[in-house]
Amino acid sequence: MPLDFAQLTPSIPFILEGLKVTLKIVAIAAVLGFLFGILLALLKISRIKPLIILADLYTSIFRGTPLVLQLMIIFYGSPQLFGTQIEASVAAILAFSLNSAAYISEIIRAGINAVDKGQKEAALALGVSYPRMMMDIILPQAIKNILPALVNEFITLTKESAIVTVIGAADVMRRSYMVGSDLYSFFEPLLFAGLIYYVLVIILTFIGKLIERRLKGND
């Protein structure tokens with residue numbers, strides 16, 4: 001059967017409306033995942049053994065199980081656990097944040113360990129407190145070094161956000177599937193959804209390279 005993208009034209013605004021859901025989930029999950037990832041990374045490099053074990057266990061669980069499983073447990077398990085059904089977008093934000101934090105924590109931990117230990121020793125010798133040393137000296141350098149890896153994680157998060165369709169969130173993928181059902185033709189709307197995700201990835205890649213160039217220019 002020949003492709004007919006003309007029949008898709010009236011449904012394009014409907015599909016693009018799903019961008020609001022996609023971008024909302026990705027943006028909030030990225031921020032929360034990044035902040036929680038920093039906390040996990042700090043726990044992993046601490047000298048308190050129980051905290052190290054706890055952080056490593058958390059990372060092992062969320063990296064060792066499928067994201068779609070985590071999403072479905074949070075969404076479909078919420079009535080049993082909390083006595084109420086949480087919204088699909090909230091479940092997605094929670095699942096993506098918790099999952100992303102596990103990966104980001106490893107990235108940040110590697111970045112912190114890559115910073116010259118002499119700077120840490122010099123800061124402590126000057127009487128700089130540990131929290132201030134981490135926030136003002138170590139973390140900025142670590143994040144600068146791991147920026148490409150962080151951007152890659154955010155790109156992965158953007159693409160994986162498409163799985164929210166399994167819990168009925170009206171994102172780009174879900175709306176494309178709905179249009180395909182109405183038209184009895186799935187290839188065109190799904191291809192259009194793929195184009196949307198591709199453009200989002202290109203934009204994220206460009207922003208990441210722009211920030212990276214600016215940081216290098218400040219050296």
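The values are calculated or read from the model by the stated rules, or taken from the named source; none is laboratory data. Keep in mind the model is a prediction, meaning the values are calculated, not measured. Please note: Cβ atoms are built from the backbone with ideal geometry, for glycine as well, and neighbour counts cover all protein chains shown.
The figures follow:
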| item | result |
| --- | --- |
| Single match in 86, 112, 74 (criterion: of a type in the set (Val, Ile, Thr), in a loop (DSSP other than H, G, I, E, B) and modelled with pLDDT under 95) | 86 |
| Output for region 36-70, where each listed residue is free of Cβ contacts under 8 Å to residues at least 12 places away in the same chain and closer than 21 Å to residue 155 by Cα | 64, 65, 66, 69 |
| Which numbered condition residue 8 fails, given (1) touching a residue at least 60 places away in the same chain (Cβ under 8 Å); (2) of a type outside the set (Gly, Ala, Ser); (3) exposed (fewer than 13 other Cβ atoms within 10 Å of the Cβ); (4) part of a helix (DSSP H, G or I) | (3) |
| All positions within region 18-56 that are among the β-branched types (Val, Ile, Thr), touching a Ser or Thr at 6+ places or on another chain (Cβ under 7 Å) and surrounded by fewer than 20 Cβ atoms within 10 Å (Cβ to Cβ) | 52 |
| Residue within region 164-172 that is among the hydrophobic types (A, V, I, L, M, F, W, C), at pLDDT below 95 and within 16 Å of the chain's Cα centre (by Cα) present | yes |
| When residues of region 191-213 are limited to those that are in contact (Cβ under 8 Å) with a residue 60 or more places away in the chain and within 22 Å of residue 7 (Cβ to Cβ), the one surrounded by the most Cβ atoms within 10 Å (Cβ to Cβ) | 193 |
